[in-house]
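We did not get these values from a lab; they are worked out from the coordinates using the rules stated. Remember, predicted model here, so these are calculated numbers, not experimental data. Quick reminder, even Gly has a Cβ in these numbers, built from the backbone with ideal geometry, and neighbours come from all protein chains shown.
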Amino acid sequence: MVVTEDLAKFGQRELEIAKDLLTAYLENNKTKMLEDSKVRLCFNMDSGNVFLSDENYNVGVVVEKRHLIEKGRDDYPEVIYKKELVDWLHCPECGDEADRYEFEDWVTNGDTVEECCKEHLKEIKEYENN
Ligand SMILES: [Zn+2]
């Protein structure tokens, strides 16, 4: 796995994602795992993923989240999409991974969820609530 922090190696697409990452980091950071320590922009040249990573390899990614505004413009309900920075969760046992929303949705509603992933999410929640 080749991960670079050299922006000169980022292509146009990767730089666009990097821009979204920094904007979300600044304005809409919903991560709970990402620590305030040695946060950097990374590009995985094998997978094409662009993300933020901290000293302990916690990872943040950008997702686009749908919001319903009950009273939008002219008092009509309105749907908007907002980019958020969220944790990238990775089950240490089976290696399944996804952004927080997908991971939680899958563990909560999926038919074929591994026990290890349920356990992993439970541990994360416990860690966050302490
Ligand atoms: Zn698992």
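Max-minus-min Cα coordinates of segment 91-130 on each principal axis give 29, 19, 15 Å, with the largest extent listed first. Averaging over all projection directions, the Cα-based convex hull of the chain occupies 10.3 nm² in the image plane. Using a cut-off of 20 Å between Cα atoms, the listed pairs Lys30/Lys65; Lys32/Lys118; Lys32/Lys122; Lys9/Lys32; Lys19/Lys125 include Lys9/Lys32; Lys19/Lys125 as exceeding that distance.
Rounded, prolate or oblate, given the Cα gyration tensor of segment 9-72, with a/c below 1.5 counting as rounded? Judged from the Cα gyration tensor, segment 9-72 comes out oblate (a/c at least 1.5, b/c at or above a/b). Once you reduce segment 95-130 and segment 26-55 to the center of their Cα atoms, the two points are 20 Å from each other. Label-to-label distance, Glu70 versus Glu27, with points set 7 angstrom from Cα along the beta-carbon direction: 2.5 nm.
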